[in-house]
1. Can you tell me which of (1) open to solvent by 40 Å² or more (accessible area, probe 1.4 Å); (2) part of a loop (DSSP other than H, G, I, E, B) is the one LEU84 doesn't meet?
2. Please work out if THR89 is polar (S, T, N, Q), over 16 Å from GLY8 (Cβ atoms) and open to solvent by 20 Å² or more (accessible area, probe 1.4 Å).
3. Spot the failing condition for GLN109; the list is (1) out of contact with any Leu (no Cβ under 8 Å at 6 or more places or on another chain); (2) open to solvent by less than 60 Å² (accessible area, probe 1.4 Å), and only one is missed.
4. Output the number of the condition that ILE26 fails; it satisfies all remaining conditions of (1) out of contact with any Asp or Glu (no Cβ under 6 Å at 6 or more places or on another chain); (2) in a loop (DSSP other than H, G, I, E, B); (3) touching a residue at least 24 places away in the same chain (Cβ under 8 Å).
5. Can you name every residue in segment 9-40 that is surrounded by 18 or more Cβ atoms within 10 Å (Cβ to Cβ), at pLDDT 95 or above and β-branched (Val, Ile, Thr)?
6. Could you count how many residues in segment 59-86 are within 22 Å of LEU10 (Cβ to Cβ) and touching a residue at least 40 places away in the same chain (Cβ under 8 Å)?
7. Can you work out which of the residues in segment 52-81 that are open to solvent by less than 40 Å² (accessible area, probe 1.4 Å) and hydroxyl-bearing (Ser, Thr, Tyr) is nearest to the chain's Cα centre (by Cα)?
8. Quick one: would you say GLN43 is out of contact with any helix residue (DSSP H, G or I) (no Cβ under 8 Å at 6 or more places or on another chain), polar (S, T, N, Q), surrounded by fewer than 21 Cβ atoms within 10 Å (Cβ to Cβ) and touching a residue at least 40 places away in the same chain (Cβ under 8 Å)?
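The values are calculated or read from the model by the stated rules, or taken from the named source; none is laboratory data. All of these numbers come straight from a predicted model, not from anything done at the bench. As a convention, Cβ positions derive from the backbone with ideal geometry for all residues, glycine included, and neighbour counts pool all protein chains shown. For accessibility, only protein heavy atoms count, side chains too; no ligands or nucleic acids. Shrake-Rupley method; radii C 1.70, N 1.55, O 1.52, S 1.80 Å.
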Amino acid sequence: VQLQASGGGLVQPGGSLRLSCVASGIIFSISNMGWYRQAPGKQRELVARITSGGGTNYLDSVKGRFTIFRDNAKNTVYLQMNSLEPEDTATYYCNANEWMRDYWGQGTQVTVSS
């Protein structure tokens, strides 16, 4: 199983980024997908999740700013991040849950700073 995340970078406050995660080795269409993040000295937290049926849920602090969506034809899950704040600075990780098993991708760094 491979989860290849990309799209991180340095952005100014108020800016936008789109993260992508391409999955292989799983049946993507039946997997629940998520984005987590971990800032230095903090625990990893769930940012957004999308079920196989398209249902979504978000961390309260990102509601209205972030959108998770998926393209099953491309085995890809995305995280559109708008109105970024310095508090969003973290390493973002892609997660797949297939048949109750968790898989993780490598992280992609997001830094929000002026």
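1. For LEU84, the exception is condition (1).
2. no
3. That leaves (2) as the condition not met.
4. Every listed condition holds for ILE26 apart from (1).
5. Hit for segment 9-40 is VAL11, nothing else.
6. Residues in segment 59-86 being within 22 Å of LEU10 (Cβ to Cβ) and touching a residue at least 40 places away in the same chain (Cβ under 8 Å): 9 in total.
7. Across segment 52-81, the extreme among qualifying residues is TYR78.
8. No, not satisfied.
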